[in-house]
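Asks: Got a structure here, written out as structure tokens. Questions coming.
The values are calculated or read from the model by the stated rules, or taken from the named source; none is laboratory data. Since the structure is predicted, the reported quantities are computational estimates derived from the model, not experimental observations. We place every Cβ from the backbone using ideal geometry, glycine too, and count neighbours over all the protein chains shown.
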Amino acid sequence: MAAATRALSQAVRAATSIAGTARGLSVLTASEEFPGLPSTSVVLKSGSVSSVTTLPSGLTVVTEDASLVSTVSLTYPRAGSAQEGPAEAGAALANRYLAFKSGSGMSSALILRSLEDVGASVFSRAGRRGATVGFTAARENAAFVAPLLVTECAFEKWDVMEARNMARAAVEEATFNAQVALTDQIYAAAYGAQSPVGRSYYTANANRDSIVSFRKRAYTLHGAVLAATGIVDHEAFVRTVDDEFPAPEAVAAPSLSFEYMGGEARLSAPSTGYAHLALAFQGPTAVPITNVLKHCLGIRGASAFAAPGIMGVYGGSAPRAASLTLDALSTAVGAALSEEVVEEAKAKAKAEALTALDRGSTSLADAMTASVLDSCGFSTTVLAESYDAISSSDVSDAHADMLKSKVSLAVVGDISSAPYHGTIASRFD
């Protein structure tokens, strides 16, 4: 704990202004990136056509045909740390680094060489809510190398050792990030520090058995989403996937459910001379309303965040001003929403969602995946209409429901003058 506190102190010293804090809680947004204000004028590719097919394996394939390059991403929604079992803490992080390792009779070198030979650049991501592996390549090569995304990991001793070492390095780096610490604390406050979703994603020292058991359970095609941009012939791509990907599997176990609790979590680092603060509530289930409500809170002057099941505001201040900062955050999140604020927020949320489609092939693939996971389909027109259909009363009702849930409070840094949960909760009774 002493080492973590020293590391956190160094991180928080770097955040010497509220502006630095306001940029910080990006890991809580739906895309895990807190963007700047989107352009309000969006030009879409008018010729783009999207198609969606669900295979007998339970894999959903979504493509579009207008991108000049192809990003192919395979997302496993059950492969996040929130799905770790009691003895699997850290397995999600370690498995991220097993992407493109030896498997299916091929070595890591052969897999990566095969991808490099067609000019593919690879990536892998993971977090609390899932994991993604993919590549970006020329359109004509996408289908040819797509099966390499589903090589069956052989768990060679050297690959597992390397993955564990990389996981430990990631945990050490995260220890120096005050925003990661604040994110961990707000999830611990909202769901309980001992729950899988309340526990930090950045957990090291998962053993080989837990890494293997987690991957075999979580990295299954049933419920997964394969998104591919720049695919001219959807049916041909689907046939390739159906032929080359693993045979249909038994239905995977359902995802774990998480109960929002609402509470408090504090991490003390007195030497930092700075306090990071966050308030969260149980959020709406519909993504468009969640995004609109997030922008409503942002228009009020607060830095807002949103993720599945949780949303709120955050900020930072000198220790003695922590109470005043929480007062301002409470006012921003609790005041009634005017129709003007809702309309402005709708415009910003819609522009943000549509701009993501035109920000590059990787961003488009992420948006396609998110849409399939949220609504089982993808269409630019439907996406735009989902925001147009939201009324002021819809947002006001969602805001009221949010405030009816228990408030969660997280404080990181010099917490000596920060009010406790009971004081904050009384403001929303």
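Asks: Going by the conditions given, is Ala351 in contact (Cβ under 8 Å) with a residue 12 or more places away in the chain, assigned to a helix (DSSP H, G or I) and within 22 Å of Ala384 (Cβ to Cβ)?
Replies: So Ala351 fits the description; yes.
Asks: Residues of region 366-389 being under 15 Å from Ala349 (Cα atoms), surrounded by 17 or more Cβ atoms within 10 Å (Cβ to Cβ) and of a type in the set (Val, Ile, Thr), which ones?
Replies: Thr380
Asks: Please give the number of the condition Met402 fails out of (1) modelled with pLDDT of 95 or more; (2) assigned to a loop (DSSP other than H, G, I, E, B); (3) within 21 Å of the chain's Cα centre (by Cα).
Replies: (2)
Asks: Kindly provide the set of residues from region 150-195 that are of a type in the set (Asp, Glu) and under 18 Å from Ala92 (Cβ atoms), ordered by number.
Replies: Result: Asp159, Glu162, Glu172, Glu173, Asp184.
Asks: Taking strands (runs of 3 or more DSSP E) that do not extend beyond region 244-336, which have at least 1 residues that are under 30 Å from Asp388 (Cβ atoms) and among the small types (Gly, Ala, Ser)?
Replies: 275-282, 303-307, 310-317
Asks: A further question on this structure: State all residues of region 286-331 that are touching an Asp or Glu at 6+ places or on another chain (Cβ under 9 Å), modelled with pLDDT of 95 or more and of a type in the set (A, V, I, L, M); if no residue qualifies, say none.
Replies: Ile289, Val292
Asks: Taking interchain pairs and intrachain pairs at least six residues apart, which have beta carbon atoms under 6 angstrom, with the first residue in region 139-164 and basic (Lys, Arg) and the second surrounded by 18 or more Cβ atoms within 10 Å (Cβ to Cβ)?
Replies: Listed by first residue and then by second, the contacts come to Arg139/Ser70; Arg139/Gly230; Arg164/Ala94.
Asks: A further question on this structure: Just to be sure, is Leu337 more than 25 Å from Ser257 (Cα to Cα), in contact (Cβ under 8 Å) with a residue 40 or more places away in the chain, in contact with a Cys (Cβ under 6 Å, 6 or more places away or on another chain) and buried (at least 19 other Cβ atoms within 10 Å of the Cβ)?
Replies: Against the criterion (more than 25 Å from Ser257 (Cα to Cα), in contact (Cβ under 8 Å) with a residue 40 or more places away in the chain, in contact with a Cys (Cβ under 6 Å, 6 or more places away or on another chain) and buried (at least 19 other Cβ atoms within 10 Å of the Cβ)), Leu337 qualifies.
Asks: Considering only residues of region 118-127 that are in contact with a Phe, Trp or Tyr (Cβ under 8 Å, 6 or more places away or on another chain) and modelled with pLDDT of 95 or more, which is farthest from Thr203 (Cα to Cα)?
Replies: Of everything passing the filter in region 118-127, Ala120 is farthest from Thr203 (Cα to Cα).
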